[in-house]
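Colleague: So that we are looking at the same thing, I have put the structure below in structure tokens.
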Amino acid sequence: MSVTTPQDLLTDARIRLGARPETKEDAIREACQLLIASGCVAPEFTASVLEREKVANTFLGHGVSIPHSLGKDRDLILRDGIAVLQVPQGVDWNPGQTARLVVAIAAKSDSHIAILRRLTRLMQDDMRLSALFSTLNPSELASALRDDTAYSATSPAVDLAQTLDWVLPYPAGLHARPASVWVEAARKSGVRLQVRHGNDTADPRNLVALLSLGLRQGDLLHLSADGEHARDALDRFRQLLDSLTLQERADAQRAAVQTVPTAGAWVPPGQPVAVTGIPASPGLAIGVLHVLAKSHAEIPDLPVPLDQGADQLNNALIATDQQLAALADDTARRLGEAEARIFKAQRELLKDSDLITLACQIMVEGHGVGWSWNSAIDRMACKLAALGNPVLAGRATDLRDVGRRVLMLLEPTLQLGSLQDLPDAPCILVSDDLSPSDTAAIDMTRVVGLAIAQGGPTSHTAILARTLGLPAMVGAGPALQALRSGTQGVIDGIGGKLYLDPSEADLASARSWMTSEAARRDAQKAERSQAARLLDGHVVAIGANVNLPSQVPMAIDEGAEGVGLMRTEFLFLERGETPDEAAQFAIYRDMIKALGNRPLIVRALDIGGDKQVAHLHLPQEANPFLGVRGARLLLRRADLLEPQLRALYRAAKLGADLSIMFPMITSVDEVLTLRAVCERIRAELDAPQVPLGIMIEVPAAALQADVLAAHVDFFSIGTNDLTQYTLAMDRQNPELAPQTDSLHPAVLRLIRATVEGAARHGRWVGVCGGMAGDPFGAALLTGLGVNELSMTPRDIPAVKARLRASALTELQQLATHALAAESAQAVRALNGEAA
Ligand code: PEP
Ligand code: MG
């Protein structure tokens, strides 16, 4: 919760005396401008406040109004604050209502309640209030709103005939939104109701009176009523109050996710204005902002003879294909095959016959070639985006990206918002969205960080930024649009914040944070090849999530002791065709060779969900994440399962430390059937036994771990999916990204159940989901009793360092506290307290 003081909330600079707005809208604009100018809110805040006026009356009474923004626009508020416009002549607020003090409120937390309380009490003192309407001294106004001492009740309050006690559960206290619902209910109740807190009472039909109680979460209230049916009415009133709690908690959680400092994040010593988003790639960087304009360029429509137009289009398509091939090649060498995949996919889009036909049809209708191409791209991208499927929406972005490349060749004079005009100084790119090709083509000598309005932590931009080591935040919303190129900023990819106009002291502090962070990373790297041995000797096995033999040397270099997860579906996704047994055998053999004697866990195909393989022509499903995915597909498609198992058992004959595991297991039956197929194939090939394990990634498997453990050799927990299925939150949905948190105590409890179930049969448990690569997550998992952690190679040094600095008993205690915590945030808060 915010600790903003009344002084921070209302500075003298946000008080304007003697204002003369002609209309309510002018008054709102002028008051909001004070908030904008002092960096409390983004410029769009004003529009939100005006919008709110259409749906709610913010006139409190007694000449005071409290305009504020719509709840959904909370992210336009950069920090809590209020601004006061004194209008001595008054301005018409609503028919018959004249405002003389316009108090514009920007508040994400409950900090404005203190001021609102003073304000409403002040309204009960007409003489003092009317003095404020015309005072020439801003301090008088400021101190009247800040000083609470002048008002205290004198006579003890008395309850009405029927009573009940109720503790206010709303995290943000009783603010205007829930209070107005109380008012409406009280007015409809048909009886007299009263709300008492200590010695203060309020008639709940009166919004001012209610707000003036200044109620905060946890306050004990004495609700009372009298009149006929008073008891029933009182009970109904309480039910209504209760029914608002869920929404209030959800709102507060959203706000808290955006405001609670993340452990390990840099905390500036001053209070620079910050735009908040979702952390996407860790690190801190200082630079000038370079804001990429959205490209709404006008495309000239100059028709040319059809044969000429077709030639031009054809040449542009060929040239773009060559560009993309070169980009794929360059990206593969810089970042690896997996990152280059996107450009290979984009080359396929260029060959789409529907797209080319559509462009030609538009040309035939008499339009210019560039215009036609752009319209075709636009229509197809809109169609894909409108389907509401995140995978297809991603294709729409790719389509626009590739379309822009072709258009730049067709209309070379157009400036299409490219990255060509970067400043010479290190810069932070600020953009609504960045296409994958923009991200991969970023000039790393000049760009030091990214701040993106859209997307979630699993978007391509976020993944590429992590791979490039560029600090980044995504999902920052419209507040970014207001920023100007050239402004100095600090991007914090751990806390998900872009700080603006930092002071010299802030900059010095950021530089020293970066220096110590670099030193810390170097120290971690120096010890990365040593085991993750805890202070008391307990050792955790550390593996890498690697899909190709070519990535193995890099993983070993980062400190991997083996491969804990080889996702074989990428062999299918990358090739555009199903690799046969021989092709798969060659890859497994090369993995084994690259690993030497180190262990290799290969996961059988996990197709489905977000990993769709077009050339398998699987039926479309309404809910692919809940459909025929992973083991469910393997059990239906022997043509996919058996060649893979044959290739794996042939590889096992090379004498490797090889294990096989199956994804998306939900039941013992699935395990028994898969084991029987394995055994049949093993016997046919006269291959050795290999350990057979399963992924624990659905709650059903975690809860039945004790039963499943009897039939398998090991478990590997997929926390990415376990989190999505436990919380019922699509792991790809950027809107839910802040809440889709693997540290949620419900997920931790399922991990604990898995470990306990495994222990009953002496099985070991690994984790190969994203949680294993987060040092704090790794510490928790170790405390929960997990034996092996497998992660993105880059994460290994920091995880090893964190584990080496801890004792097992201490991590066990940490795990016990985390299991008992109320929320993921409470678990994260334990981070600062633990080693
Ligand atoms: C997981 O779900 O955590 C996991 C490792 O599998 P994937 O991310 O490939 O679904
Ligand atoms: Mg998974």
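The values are calculated or read from the model by the stated rules, or taken from the named source; none is laboratory data. None of the values given here were measured: they were computed from a predicted structure. All Cβ positions, even for glycine, are placed from backbone atoms using ideal geometry, and neighbour counts span all protein chains on display. When the accessible area is computed, the model is the full protein with side chains, heavy atoms only, and any ligands, DNA or RNA have been set aside. Shrake-Rupley method; radii C 1.70, N 1.55, O 1.52, S 1.80 Å.
Colleague: Which whole-number value in Å² is the accessible area per residue of the chain, probe 1.4 Å?
Modeller: Counting only protein heavy atoms, the per-residue value for the chain is 42 Å².
Colleague: In nm, give the distance between the simple-model label positions of Asp235 and Asp557, each being 7 Å from the Cα along the Cα-to-Cβ direction.
Modeller: In this crude label model, Asp235 to Asp557 measures out at 7.3 nm.
Colleague: Over segment 608-718, what is the relative contact order in whole percent, taking alpha-carbon pairs under 8 Å and six or more residues apart?
Modeller: RCO, segment 608-718: 25 percent.
Colleague: How charged is the neighbourhood of Val698? Take every other residue with its Cβ under 14 Å from the Cβ of Val698, and add Lys/Arg as +1 and Asp/Glu as -1.
Modeller: After counting each charged neighbour, the total is -1.
Colleague: Once whole DSSP H runs in the chain are found, which of them have Cα atoms spread over 24 Å or more along the helix axis and a mean Kyte-Doolittle score of at least -0.5?
Modeller: TM-like helix candidates: 306-335, 369-386, 390-410, 668-685.
Colleague: If you don't mind, another one. Which value, in Å to one decimal place, does the Kirkwood hydrodynamic radius take for segment 516-638 when every pair of different Cα atoms is included?
Modeller: 16.8 Å
Colleague: While we're here: Tally Lys and Arg at +1 and Asp and Glu at -1 over the other residues with C-beta under 12 Å from the C-beta of Met380: what net charge comes out?
Modeller: Its environment carries a net charge of 0.
Colleague: Between Glu684 and Thr163, what is 0.36 nm times their sequence separation minus the Cα-Cα distance? Round to one decimal in nm.
Modeller: That works out to 179.6 nm of additional length.
Colleague: If the viscosity is 1.567 mPa s and the temperature 4 °C, what Stokes-Einstein diffusion coefficient in µm²/s follows for segment 567-647 when Rh is the Kirkwood radius over Cα pairs?
Modeller: Result for D is 96 µm²/s.
Colleague: Now, a different point. Could you calculate the contour length gain from Leu672 to Ser243, that is, 0.36 nm times the residue separation minus the distance between their Cα atoms, to one decimal place in nm?
Modeller: 149.7 nm
Colleague: In nm, give the distance between the simple-model label positions of Leu635 and Gln97, each being 7 Å from the Cα along the Cα-to-Cβ direction.
Modeller: Placing both labels 7 Å along Cα→Cβ, they lie 6.2 nm apart.
Colleague: When the Debye formula is applied to the Cα atoms of segment 529-834, each taken as the same point scatterer, what base-10 log of I(q)/I(0) results at q = 0.09 Å⁻¹?
Modeller: -0.42
Colleague: Right, something else. Leaving out ligands, DNA and RNA, and with a 1.4 Å probe, what % of the accessible surface on segment 162-255 is carbon or sulfur?
Modeller: It is 46 percent, rounded to a whole number.
Colleague: Given the pairs Lys108/Lys188; Lys108/Lys497; Lys383/Lys611; Lys344/Lys653; Lys351/Lys383; Lys72/Lys611, which span a C-alpha to C-alpha distance of over 26 angstrom in this model?
Modeller: The pairs that break the limit, which is 26 Å between Cα atoms, are Lys108/Lys188; Lys344/Lys653; Lys72/Lys611.
Colleague: Per residue, how big is the convex hull of segment 6-146 when only Cα atoms are used? Give it in Å³.
Modeller: Dividing the Cα hull volume of segment 6-146 by its residues yields 93 Å³.
Colleague: Go through Leu358, Ala453, Val767 and say which Cα lies farthest out towards the positive end of the charge dipole of the chain; charges sit on Cβ, +1 for Lys and Arg, -1 for Asp and Glu.
Modeller: Val767
Colleague: Calculate I(q)/I(0) for the chain by the Debye formula, one identical point scatterer on each C-alpha and no solvent, and give its log10 at q = 0.08, 0.09 Å⁻¹ to two decimals.
Modeller: Calculated log10 I(q)/I(0) at the listed q: -0.84, -1.02.
Colleague: Taking the Cα centre of the chain as origin and charging only Cβ (+1 Lys, Arg; -1 Asp, Glu), how large is the dipole, in debye to the nearest 20?
Modeller: With Lys and Arg at +1 and Asp and Glu at -1, about 1100 debye.
Colleague: Which of the lysines could a cross-linker bridge to Lys525, judged by Cα under 17 Å and excluding same-chain residues fewer than eight apart?
Modeller: List returned: Lys800.
Colleague: At 7 Å along Cα-to-Cβ for each site, give me the label-to-label distance between Ala518 and Arg446 in nm.
Modeller: Label-label distance for Ala518 and Arg446, simple model: 2.2 nm.
Colleague: Placing +1 on the Cβ of each Lys and Arg and -1 on the Cβ of each Asp and Glu in the chain, which of Val41, Ile28, Met661 has its Cα farthest towards the positive end of the resulting dipole?
Modeller: The residue sitting most towards the positive pole is Met661.
Colleague: Could you tell me which of Ile592, Leu814, Asn547 has its Cα farthest along the dipole of segment 529-834 towards the positive end, charges placed at Cβ (Lys, Arg +1; Asp, Glu -1), taken about the Cα centre?
Modeller: Sorting the options by dipole projection puts first Ile592.
Colleague: Another one. What would the Debye equation give as log₁₀ I(q)/I(0) for segment 306-410 at q = 0.12, 0.13, 0.20 Å⁻¹, counting only Cα atoms as equal point scatterers?
Modeller: Debye curve over Cα of segment 306-410, log10 I(q)/I(0) at q = 0.12, 0.13, 0.20 Å⁻¹: -0.41, -0.48, -1.00.
Colleague: Moving to a separate point now. Given Cα pairs under 8 Å that are at least 6 residues apart, what percent is the relative contact order of segment 6-146?
Modeller: Taking the mean separation of contacting Cα pairs over the length of segment 6-146, I get 30 percent.
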